[in-house]
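Take a look at the structure below.
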Amino acid sequence: MKKVLLLVAALSLVLIFGACNDTAEVHVPAADSGISDDAGTTNANVTPDANVEGEIVYQIFSDNAFPPFHMLNPNTGEFYGFDVDLIEAIAADQGFRIERNHVGFAAALGALEAGIADGMIAGMSITEERRERFDFSEGYFVAGQILVVPRGSSISGFADLAGQTVAVKIGTVGSIFGEAMAEEYGFNLIFFEDSPTMYASVMLGSAAAAIEDRPVIEFEIYRSDLALQTVGETLNPRYYGFAVRRGEFPELIEMFNTGLANLRANGYYYEILARYGLALN
Ligand code: GLN
């Protein structure tokens, strides 16, 4: 009888903690932070978290709408995309455990700075200014920003935007560049939390243009047939990198770099580039 009771107790523990998360086997329960992971559950694990087997589970924070790097499959509630496949493949290759938290770009940046996130992968451009706060992996993709206007618009560059409103996304290099251009060309900025609402502001006319990473907006114009077009030259091309807080988790950066090199050598890196229609760069 005692044995049966113990078994029931053990099973219900597995059920309770097992249901919290689908990326780790059995989880130490944590206080509620209100931050959702991709399974829609909450987790607020202390950095770095360990499950009951004592394994470290790195909390990786990401954007939640940055196609084709981060996209939500509405049918499954799962996130997918180039960054998702890359970090999952690197973790598998290097044998470390991760939990993905798709919270949006500015929220992920904040979580990383606050020590809630251990690592961040979010189509994040490596810049000198960010290197003061974060350590980056090797670059894994190159992208710059571009001006986005309504399809058929006569706007062909920043010089046509004087007195108008330009949409940017909070925390991005596009927003920093936008601030400099706003001074120079005399336009106003409007800040958005995420890419889809920024695109909507241009389509609905509350902004005359937006600044977005070129491969992202071009993928989305094509995928969703948005009534938008890109104009002018690509601005500030930079590598995307995986980031940790400066001086923390050097092993994570090292494993990312080794894993990335392995995936390039075995061809998987090129397979996922092709999967999402991304050009080799
Ligand atoms: N690459 C841009 C940046 O790092 C935008 C990233 C994003 O919106 N996810 O600021």
*So which of E220, E271 ends up being under 16 Å from the mean Cα position of the chain (by Cα), more than 22 Å from G119 (Cβ to Cβ) and acidic (D, E)?*
E220
*Among M255, M181, which is part of a helix (DSSP H, G or I), more than 29 Å from I155 (Cβ to Cβ) and not small (G, A, S)?*
M255
*What number of residues within region 66-84 are away from the ligand (no atom under 16 Å from the Cβ), of a type outside the set (V, I, T) and not in a strand (DSSP E or B)?*
3
_Unique match (being among the hydrophobic types (A, V, I, L, M, F, W, C) and touching a helix residue (DSSP H, G or I) at 6+ places or on another chain (Cβ under 7 Å)) among I221, I272, I253, I217_ = I272
*asked:* Checking the conditions here, which among A122, A143 is in a loop (DSSP other than H, G, I, E, B), within 16 Å of the ligand (Cβ to nearest atom), of a type in the set (A, V, I, L, M) and in contact with a helix residue (DSSP H, G or I) (Cβ under 9 Å, 6 or more places away or on another chain)?
replied: A122
*Please verify whether region 149-162 includes one or more residues that are touching a residue at least 24 places away in the same chain (Cβ under 8 Å) and within 11 Å of the ligand (Cβ to nearest atom).*
no
*In region 163-177, what count of residues is obtained for those that are within 16 Å of the ligand (Cβ to nearest atom) and under 16 Å from A208 (Cα atoms)?*
6
*Test: A117 is modelled with pLDDT of 95 or more, closer than 19 Å to Y199 by Cβ, aliphatic (A, V, I, L, M) and within 16 Å of the chain's Cα centre (by Cα)*: no
_Let me spell it out: the conditions are (1) at negative phi; (2) surrounded by fewer than 20 Cβ atoms within 10 Å (Cβ to Cβ); (3) not charged (D, E, K, R), and G171 meets all of them except one. Which number is the exception?_
(1)
_Matching option when the condition is of a type outside the set (S, T, Y), within 19 Å of F136 (Cα to Cα) and outside any helix (DSSP H, G or I), among I98, I87_ = I98
*Considering S62, S153, which residue is among the hydroxyl-bearing types (S, T, Y), buried (at least 21 other Cβ atoms within 10 Å of the Cβ) and either on the phi < 0 side of the Ramachandran plot or out of contact with any helix residue (DSSP H, G or I) (no Cβ under 7 Å at 6 or more places or on another chain) (or both)?*
S62
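The values are calculated or read from the model by the stated rules, or taken from the named source; none is laboratory data. Small disclaimer: the values here were computed from a predicted structure and weren't measured. Cβ sites come from the backbone with ideal geometry, for glycine too, and all protein chains shown count toward neighbours.
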